[in-house]
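For reference, the structure is listed below as structure tokens.
The values are calculated or read from the model by the stated rules, or taken from the named source; none is laboratory data. Just so it is clear, the structure is predicted and the values come from calculations on it, not from any experiment. Note that each Cβ is placed from the backbone with ideal geometry, even for glycine, and that neighbours are counted across all protein chains shown. All accessible areas refer to the heavy atoms of the entire protein, side chains included, with ligands and DNA or RNA removed. Shrake-Rupley method; radii C 1.70, N 1.55, O 1.52, S 1.80 Å.
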Amino acid sequence: MEKVDRYIDKIKSWKEESILLREICLECGLDEDFKWMHPCYTFQGKNIVLIHGFKEYCALLFHKGALLNDTENILVQQTENVQSARQIRFTDKTQINDLKAVIKAYIFEAIEVEKAGLEVKKKKTSEYDIPEELEQEFQNDSDFKTAFYNLTPGRQRGYLLYFSEAKQSKTRSSRIEKAKPNIFDGKGYNEQ
């Protein structure tokens with residue numbers, strides 16, 4: 001695919017590794033696409049894996065990696081808030097070559113997960129912790145509480161994660177204060 005060719009031509013890091021991972025995905029019979037500005041490999045239109053590079057490593061991201069057996073114990077959850085995706089990380093092409101058979105087995109298992117129509121059971125918005133500072137704001141301002149709960153569940157989760165990741169109470173309070181205008185406007189975290 002031309003977009004993937006251009007992507008690989010342009011990247012400065014992990015070029016050889018990306019080429020190898022691309023070959024493996026194509027050998028598994030996946031269709032090549034370009035989504036989220038990265039090479040993405042699909043089966044019958046369903047996302048299976050994505051190739052992406054970071055500063056310290058490149059990775060093959062399995063969209064529903066949480067459902068894989070991970071018999072080799074090599075799948076990594078990027079952060080505790082990532083519910084579905086898992087990565088296999090690489091720091092050089094030798095690792096990819098050494099794990100080629102395992103990578104293919106994981107891809108084939110991911111295809112079977114899609115064929116079976118399995119879905120990752122995701123946390124409901126109500127299962128996320130509400131920071132104390134936000135609870136306090138709700139008590140002080142019922143209009144603000146109403147505006148927050150009128151947001152879509154995804155927008156609520158975005159704010160809850162953003163507020164909660166601050167380690168200090170002062171920072172959480174500051175973030176809540178700065179977010180108020182957007183919340184009253186029905187906008188999510190990071191929306192303009």
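Shape verdict for the range 125-192, please, from the Cα gyration tensor: rounded (a/c under 1.5), prolate (a/b greater than b/c) or oblate. Intermediate values should be presented prior to the final figure.
Details: a/c = 1.28, a/b = 1.19, b/c = 1.08.
In terms of gyration-tensor shape, rounded.
Protein heavy-atom accessible surface, 1.4 Å probe, per residue over the chain: 59 Å².
Computed in the context of the full set of protein chains, the accessible area of the range 11-63 at 1.4 Å probe radius has 54% of its extent on carbon or sulfur. Note: relative contact order over the chain, using C-alpha pairs below 8 Å and six or more positions apart, is 15 percent.
All other residues with a Cβ under 10 Å from the Cβ of Ile96 taken together, and with Lys, Arg as +1 and Asp, Glu as -1, what is their net charge?
-3
Which value at 222 nm does the chain reach when only helices count, each DSSP H run of 4 or more adding -39,500 (n - 2.57), with the total divided by all residues and rounded to the nearest 500 deg cm²/dmol?
On the way: 8 runs with 89 residues, N = 192.
Value at 222 nm, helices only: -14000 deg cm²/dmol.
Pairs from the table (Lys3/Lys55; Lys46/Lys115; Lys10/Lys35; Lys35/Lys124; Lys15/Lys115) lying more than 20 angstrom apart at Cα are Lys3/Lys55; Lys35/Lys124; Lys15/Lys115. Give me the angle, in degrees from 0 to 90, between the Cα long axis of helix 15-27 and the longest principal axis of the Cα atoms of the chain, rounded to the nearest 10. Orientation of helix 15-27: about 80 degrees from the principal axis.
Would you mind counting up the charge near Val120? Only other residues with Cβ under 11 Å from its Cβ, with Lys and Arg at +1 and Asp and Glu at -1. Each step should come with its number before you reach the end.
Working: positive: Lys64, Arg86, Lys121, Lys122, Lys123; negative: Glu119.
Residues near Val120 contribute +4 overall.
Reported to the nearest whole Å, the Cα centre-to-centre distance from the range 89-118 to the range 43-70 is 8.
Sort 122-131, 29-38 by packing, meaning the average of other beta carbons within 10 Å per residue, with the highest value first.
On the way: 122-131: 12.1, 29-38: 14.2.
Highest mean packing first, the order is 29-38, 122-131.
Here's the list of aspartates and glutamates a cross-link from Lys122 could span, going by alpha-carbon distance under 16 Å and ignoring same-chain residues fewer than 8 apart: Glu80.
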